[in-house]
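Take this structure, written in structure tokens, and hold onto it; I'll ask about it next.
The values are calculated or read from the model by the stated rules, or taken from the named source; none is laboratory data. These numbers come from a predicted model, not from an experiment. Backbone-built Cβ (ideal geometry, glycine too); neighbour counts: all protein chains shown. Quick note on the areas: whole protein, heavy atoms, side chains included, nothing else; ligands and nucleic acids left out. Shrake-Rupley method; radii C 1.70, N 1.55, O 1.52, S 1.80 Å.
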Amino acid sequence: MAKANATVTDFFRLWGKAALAPLFFAAGLISCPSACAGAPTSPDLEQLQSSAQAHHLEDDQVWLSLLHVEHGKRHIVDNAFFLSDGKFSVREELRATIAALWGKHSQEALCRFPARALWLQEKLRAPALPIEQCPDVNEFLQNASDDHIDLVFAADSLSSPSSFLGHSFLKFSGTNLKGDETSHAVSFYTDTRTKNYPKLIVESFVTGRKGYFALTPYNSNLELYLRGEQRKVWEYHLKLDAFQRRLMVLHTLELKNVQQTYLYVGYNCATVVRFLIQLSGIKGQSPPLWTTPKDVLRTAERAGLIDKVQVHYPDRALVRALSEGMSKRNQTLVLNSVLTGNVEMLGDDPRLLQSALAENSYVQESKRLDPLRAQQNLERLNARLNATGSDSSLSLNPAIDPRKGDGERQISLQAGIDGGLPALRLAWLPASHLITDNNGSSSHETELKLLSGVIEKRGSGRPALRQLTIFGMTTLLPQNALTGGLSGRFSFGMDTQMDAAMHRRHPFVVDGGVGLTKRIMPDIDIYSMIGGGGGLLNFKPYVHANVQIGAVIREIWGMKTVALWTSSLSTMASGVRSNSFEIVQSKRIGKNISMELNYKNTFNANAKNECAFLSVKRRF
């Protein structure tokens, strides 16, 4: 496999010496030399165009997906991707494509748009075109394969701004024309390696960043996600026929030369993958606001495209999954057996032996174990597992599947009392979820807020924006003797805070914290954090520090309780120490509907403010 994958560099004339460096497609238009000569005599163009119009091919989902068009808007603005002149329309582009493919200069158009050619010649029963003779098509088939196509999802990563919601891409695998087994990843992404975070945010959400469309050896991608970033990877095998698979491959060749702009809230990795799988003919539907990687999974699931799934666990996640519910004594026993090489102390318990195997790989990867000792451990642990006669396959939580989670957008209506006055609130969260939500599809509690906000009408006052979180994240990773684990939070945006007299202020705030989480029971987490930050109120800066103690309780009948105690000092409040206690009780009342009861009491030595709200939340 390694030998076959190595040919990709020559195939696409790419560059890069680092083993995990992305191999980008070379830019520029494809030209089709004399290899394409011998195309059939041009048929009656007007007849083909009339037939296309009579069958309304311009409205066909596949044609729209080939153009990356939805709701009349084209996502690709590079004019080199289109053949029609003047004002763009899907109908004129269809007519121009037919004219180019079966016209006098069909060779160049054929090798620029082989996917369009394949689809149109089938729909119109037009004369076959020698697509396989195009140089790039031929080279792909020589060095890669489309025997199988998998939809791949890499779990969300809070360390990468472009992967906050995960990353989706395609895997092409099978036997190429040389007889070699190959597997390659096809992915669209942007480079987020910068320290200029304000610019990164503006470009990612507003103006767009340069996008890269890459074909790389799949194993290199898998190694990067599993070892380098410790992210779980799901492979969903797609039920596609040979024509559908070939159409997807040819469309990737069409895209490799296109100048594309990556926009987190518009045209991202998931958008491109969604257009690719819609080439199977499924009736795709653009999700609200923008497409996320999990949206693509659910689209494929609803269409019945997925027939089986394979999950790859990184070493750290595998250790945590295997040690779930294991006593601290046994966790310490597993760790000591690996570090000392005394695996006999584990006895014949299959669960302990499997955990030790995973821990052995994890500590070696993190450079805490000599490779020779790790190899000796591996051999002895496998021997003991075989001697027990137990099934070495792992039984892990099947609920942790990104297809099974709740919607990643939500809106809520809230009514209650705030500071003794009646109040109404409208809250929205374009992405992604809150601690109070059902996070059963994750192994630990997390929160991610992008562009979330709250508008409040209090008493006789006018509605006003009271909160706008540009970015906020919290992760409560339970401490584990085998893997450690820190919890943390970070956010910035406009927020409502109390001064010393408990008057509401609305500064721009940057806040963060770090701490520990303990899972005292399978459904109860307690945590503590220490943190602080700064803010800007009326163009005057201030700083603050805080300590938090909280608990998360996952209950029966779709209920959940989150409680939080915060003690803080802020120069905005003249250095007066204030405390707050907040508790939220949520109850799921439908697939996408939940109700929440929220109570919060903020107080200091001189004043206090209480508020209580009942809210109805809709996820989509």
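Probe 1.4 Å, all protein chains in place: accessible area of residue 118 in Å², nearest 10?
Estimated to the nearest 10 Å², residue 118 gives 30 Å².
Run the numbers for residue 329 and residue 128: contour at 0.36 nm per residue of separation, minus the present Cα-Cα distance, in nm.
Here the answer is 65.4 nm.
Sticking with this one: Assuming 0.36 nm per residue, please report the length gained on full extension of the stretch residue 148 to residue 561 beyond their Cα-Cα distance.
Full-extension gain reported as 144.2 nm.
Between 0 and 90 degrees, rounded to the nearest ten: what's the tilt of helix 90-101 against the longest Cα principal axis of the chain?
40
OK, next. Say each of residue 504 and residue 53 gets a label point 7 Å from the Cα, pointing the same way as Cα to Cβ; how far apart are those two points in nm?
So the label points at residue 504 and residue 53 sit 6.0 nm apart.
Restricting to Cα atoms and excluding each atom paired with itself, what does the Kirkwood estimate give for the range 262-366 in Å? The partial results should precede the final answer.
Numbers: mean 1/r = 0.0585 Å⁻¹.
It works out to 17.1 Å.
Lys and Arg at +1, Asp and Glu at -1: add these up for the other residues within a Cβ distance under 13 Å of residue 374 and post the number. Walk me through the intermediate numbers first.
On the way: positive: 367, 368, 373, 380; negative: 315, 359, 365, 370, 379.
Around residue 374, the surrounding residues sum to -1.
Next question. What FRET efficiency comes out for residue 73 versus residue 382 if R0 is 51 angstrom and r is the Cβ-Cβ distance? Round to the nearest 0.05.
Efficiency computed from Cβ-Cβ geometry: 0.35.
Okay, next question. Run the Debye formula on the Cα coordinates of the range 523-585, all scatterers equal and no solvent, and tell me log10 I(q)/I(0) at q = 0.28 1/Å.
-1.11
If you wrap a convex hull around the C-alpha atoms of the range 504-620 and split its volume per residue, what is the figure in Å³?
Each residue corresponds to 133 Å³ of Cα convex hull volume.
Tell me the angle of helix 350-365 to the major Cα principal axis of the chain, expressed in degrees between 0 and 90 and rounded to the nearest ten.
On a 0 to 90 degree scale, this one is about 80.
Dividing the Cα convex hull volume of the range 316-388 by residue count, how many Å³ per residue is that?
73
Another question, if that's okay. Working from the pairwise distances between different alpha carbons, so that the mean of 1/r is found and then inverted, what is the range 45-133's Kirkwood radius in Å?
Evaluated on the range 45-133, it is 13.2 Å.
Moving on. Ignoring ligands, DNA and RNA, please state the percent of accessible area on the chain from carbon and sulfur, probe 1.4 Å.
Exposed carbon and sulfur together represent 56 percent of the surface.
Let me check I've understood the local charge: for residue 423, count other residues with C-beta under 11 angstrom from its C-beta, Lys and Arg +1, Asp and Glu -1. What total comes out?
Working: positive: 425, 457, 458, 466; negative: 418, 456.
Net of charged neighbours comes to +2.
Testing the spin-label approximation: label points 7 Å from Cα along Cα→Cβ at residue 545 and residue 283. State their distance in nm.
6.1
Right, another one. Compute the signed sum of charges (Lys and Arg +1, Asp and Glu -1) over the other residues within less than 14 Å, Cβ to Cβ, of residue 574.
+2
Which pairs break 29 Å Cα to Cα here: 195/617; 87/171; 171/617; 328/560; 199/294? Intermediate results must be reported in sequence, preceding the final value.
Working: 195/617 36 Å; 87/171 36 Å; 171/617 37 Å; 328/560 26 Å; 199/294 27 Å.
Among 195/617; 87/171; 171/617; 328/560; 199/294, the Cα-Cα distance tops 29 Å for 195/617; 87/171; 171/617.
Mind checking the alpha-carbon convex hull of the range 143-312 and giving the volume per residue in Å³?
114
Could you compute how much accessible surface residue 134 exposes when probed at 1.4 Å, giving the result in Å² to the nearest 10?
Using a 1.4 Å probe on the heavy atoms, I get roughly 0 Å².
OK, next. Hey, what number do you get for the chain at 222 nm if only DSSP H runs of n ≥ 4 count, each worth -39500 (n - 2.57), divided across all residues, to the nearest 500?
-8000 deg cm²/dmol
Something else about it: Leaving ligands, DNA and RNA out of it, work out the accessible area of residue 74 with a 1.4 Å probe and give it in Å² to the nearest 10.
60
Using 1/(1 + (r/R0)^6) with R0 = 35 angstrom and r between the beta carbons of residue 373 and residue 523, what's the FRET efficiency to the nearest 0.05?
It comes out at approximately 0.40.
Run the quick spin-label model on residue 516 and residue 192: label points 7 Å from Cα toward the beta carbon, then report their separation in nm to one decimal.
Going by the 7 Å Cα→Cβ label model, 3.0 nm.
Here is a follow-up. To the nearest 0.05, what FRET efficiency results for residue 614 and residue 574 with a Förster distance of 45 Å applied to their C-beta separation?
Numbers: r = 34 Å, r/R0 = 0.75.
That pair, residue 614 with residue 574, gives E of 0.85.
How much accessible area per residue does the range 205-356 have, counting only protein heavy atoms and a probe of 1.4 Å, in square angstrom?
37
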